[in-house]
Amino acid sequence: MESGRFEEVVNQLNGFMALPFDVPVVFKECKTSNAFYDPENKQIEICYEFVDKIALDVAEVTETEDDIKRVSVDVLLFIFNHELGHALIDIYGLPVTGREEDAADQLSMIALVWTTEGGEEAVIHGAHWLLSRAGKTELDESAFADKHALDTQRFYNLVCWVYGNNPQAYSYIVENEYLPGKRAEECEAEYSRVSNSWNA
């Protein structure tokens, strides 16, 4: 191969190769309940108030102190990986053809399912937390204009993808009517598309 052509190919490959990049994770007092990726400082910020709020929300639907801790950690894992999705999209300029918030939910689900023991349960706990938030939220016009999907929609997406990854292991999601049967028919294909996209 001619040296000029070789350099051209190397330059093209370098454009596709992602170099390692440190993303600090900062826990801090914010005077508000939130977690977010800060693109200016390239860091994930999680407010102490948000951690407290999750624990209070989880305490409303769980019975023991151990359950509160376990489920709260799962919800935080889901949120952390969601914010990591925003970081990856920003830092590496990943293409997103729909809502970035949906893509971040997808990355969170994929990261937990692929890399974490009990990751599917963490996604389900995150989804149930979103559903519990939906029950406390009064919808107005601004909710429909928000960059996030409605919390109830996010719940259905997440449980669909977990079910689609392993329908036999998570058949109870459909049997207990957490997910309508009509949507469940599409979940294996949906999970496959999400998985292939993030894998690429």
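Assigning unit charges at the beta carbon (Lys, Arg +1; Asp, Glu -1) and nothing else, what dipole magnitude in debye, to the nearest 20, does segment 52-127 show about its Cα centre? Each step should come with its number before you reach the end.
Numbers: 4 positive and 17 negative charges, 57 e Å.
Using only the charged Cβ atoms, the result is roughly 280 debye.
Can you pull the one-decimal nm distance between simple spin-label points at Arg183 and Val23, each 7 Å off the Cα toward Cβ?
Taking the two extended label points, one gets 2.6 nm.
Within the accessible area of segment 27-186, what % is carbon and sulfur when the probe is 1.4 Å and the other protein chains stay in place? Don't jump to the answer; show the numbers that get you there.
Details: 4390 of 8760 Å².
That fraction is 50 percent.
If you average the sequence gap of Cα pairs under 8 Å that are 6 or more apart and divide by the length of segment 43-200, what percent do you get for the contact order? Working shown, then result.
Details: 163 pairs, mean separation 29.4, N = 158.
Relative contact order for segment 43-200 comes out at 19 percent.
Which whole number in µm²/s is D for segment 71-133 by Stokes-Einstein, with the Kirkwood Rh taken over Cα pairs at 37 °C and 0.692 mPa s?
Working: Rh = 11.7 Å.
In µm²/s, the coefficient is 281.
Go through 154-161, 93-100, 180-187 and give me the packing order, highest mean Cβ count within 10 Å leading.
Details: 154-161: 22.8, 93-100: 11.5, 180-187: 13.2.
Going by the mean number of other Cβ atoms within 10 Å, highest first, we get 154-161, 180-187, 93-100.
Would you please give the FRET efficiency between Arg193 and Glu65, computed as 1/(1 + (r/R0)^6) with r the Cβ-Cβ distance and R0 = 30 Å, to the nearest 0.05?
Values: r = 40 Å, r/R0 = 1.33.
The formula returns an efficiency of 0.15 here.
From the phi angles alone, apply the Karplus equation (6.51, -1.76, 1.60; θ = phi - 60°) to segment 91-99 and give each ³J(HN,Hα) in whole Hz, x where the residue is Gly or Pro.
Listing the rounded values in order: 5, 9, x, 5, x, 10, 9, x, 5 Hz.
Could you order the peptides 162-175, 55-68 from most to least packed, using the average number of other C-beta atoms within 10 Å per residue? All intermediate terms of the calculation are to be shown ahead of the outcome.
Numbers: 162-175: 16.8, 55-68: 13.4.
With the highest mean Cβ count within 10 Å placed first, the list reads 162-175, 55-68.
The values are calculated or read from the model by the stated rules, or taken from the named source; none is laboratory data. Note that the structure is a prediction, hence the values are computed from the model and not measured. For neighbour counting, all protein chains shown are included, and Cβ atoms are generated from backbone atoms with ideal geometry for every residue, glycine included. Quick note on the areas: whole protein, heavy atoms, side chains included, nothing else; ligands and nucleic acids left out. Shrake-Rupley method; radii C 1.70, N 1.55, O 1.52, S 1.80 Å.
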